[in-house]
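Here's the structure, in structure tokens; my notes come after.
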Amino acid sequence: MKTLQIFFILVLFALLTLTAQAGELKPYKGKPLPDFSLMDLKGEKHSLSDYKGKVVLLNFWATWCPPCVKEMPSMQRLQDKYQGKDFEILAVNMGEDSTTIEIFLQKMTLNFPILLDSDGAILKQWKIFAFPTTFLVDREGNIAYALFGGLEWDNPEAVAVVDELMKQ
């Protein structure tokens with residue numbers, strides 16, 4: 001019975017994810033969130049605090065999430081636009097193993113760090129409840145904007161927000 005309940009919850013979640021519309025990038029009004037350290041696919045450790053002085057697009061995603069997958073190419077184009085500048089994308093994968101992610105990356109070329117939250121600890125700590133969830137972090141390490149849902153990150157409105165953060 002419990003397996004059946006879990007199945008129905010997953011199906012409901014998948015349907016909600018599939019029907020989710022692109023979100024709107026809004027100024028973040030919440031409390032500061034704690035620093036974290038996660039390993040990337042190469043075994044290198046990344047802490048959010050390591051990127052102080054840069055604007056960071058911090059994205060929580062999964063390979064099974066259609067809006068997450070859809071926005072990835074635009075994130076790469078945004079990364080390319082700011083290549084060589086104080087901008088970084090950190091993509092935190094939520095609970096999938098490295099083999100699953102590496103198979104996914106064979107279909108999509110991304111050159112920003114994919115961080116592994118294998119046990120979901122950061123997901124819980126940051127209270128992530130929607131996929132994808134993205135935060136824009138300013139140079140001081142403060143969350144400036146938040147987005148719950150997908151977005152074309154290289155659209156003029158999103159680029160204008162990133163440009164404004166880059167000027168600060």
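Would you be able to say whether some residue in the range 103-111 is out of contact with any Cys (no Cβ under 6 Å at 6 or more places or on another chain), under 15 Å from Asn59 (Cα atoms) and not β-branched (Val, Ile, Thr)?
Quick first cut of the range 103-111, residues out of contact with any Cys (no Cβ under 6 Å at 6 or more places or on another chain) only: 103-111.
Still in the list and also under 15 Å from Asn59 (Cα atoms): 110-111.
If we keep only those that are not β-branched (Val, Ile, Thr) as well, we get 110-111.
Yes.
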### Task
Can you tell me which residue within the range 153-164, out of those that are surrounded by 16 or more Cβ atoms within 10 Å (Cβ to Cβ) and either among the small types (Gly, Ala, Ser) or within 13 Å of Cys68 (Cβ to Cβ) (or both), is nearest to the chain's Cα centre (by Cα)?
Trp153
### Message
Residues that are among the β-branched types (Val, Ile, Thr): list the strands (runs of 3 or more DSSP E) wholly contained in the range 37-82 that include at least 1 such residues.
### Response
55-61
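Residues checked against (1) within 25 Å of Asp163 (Cβ to Cβ); (2) aromatic (Phe, Trp, Tyr); (3) under 15 Å from the mean Cα position of the chain (by Cα):
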{"site": "Phe36", "(1), (2), (3)": "no, yes, yes"}
{"site": "Leu48", "(1), (2), (3)": "yes, no, yes"}
{"site": "Lys54", "(1), (2), (3)": "yes, no, no"}
{"site": "Asn59", "(1), (2), (3)": "yes, no, yes"}
{"site": "Glu96", "(1), (2), (3)": "no, no, yes"}
{"site": "Thr100", "(1), (2), (3)": "no, no, no"}
{"site": "Phe104", "(1), (2), (3)": "no, yes, no"}
{"site": "Phe112", "(1), (2), (3)": "yes, yes, yes"}
### Residues (in a helix (DSSP H, G or I) and in contact (Cβ under 8 Å) with a residue 24 or more places away in the chain) located in the range 124-150
Gln125
#### Entry: Ile101 vs. criteria over 26 Å from Gln168 (Cβ atoms) and touching a residue at least 12 places away in the same chain (Cβ under 8 Å)
yes
### Residue within the range 115-129 that is in contact with a helix residue (DSSP H, G or I) (Cβ under 6 Å, 6 or more places away or on another chain) and surrounded by fewer than 19 Cβ atoms within 10 Å (Cβ to Cβ) present
no
## Note on the structure
Per the filter on the range 78-94, residues exposed (fewer than 14 other Cβ atoms within 10 Å of the Cβ) and of a type outside the set (S, T, N, Q) are Asp80, Gly84, Lys85, Asp86
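Read-outs throughout are calculated quantities, based only on the coordinates presented, and are distinct from any laboratory measurement. Small disclaimer: the values here were computed from a predicted structure and weren't measured. Backbone-built Cβ (ideal geometry, glycine too); neighbour counts: all protein chains shown.
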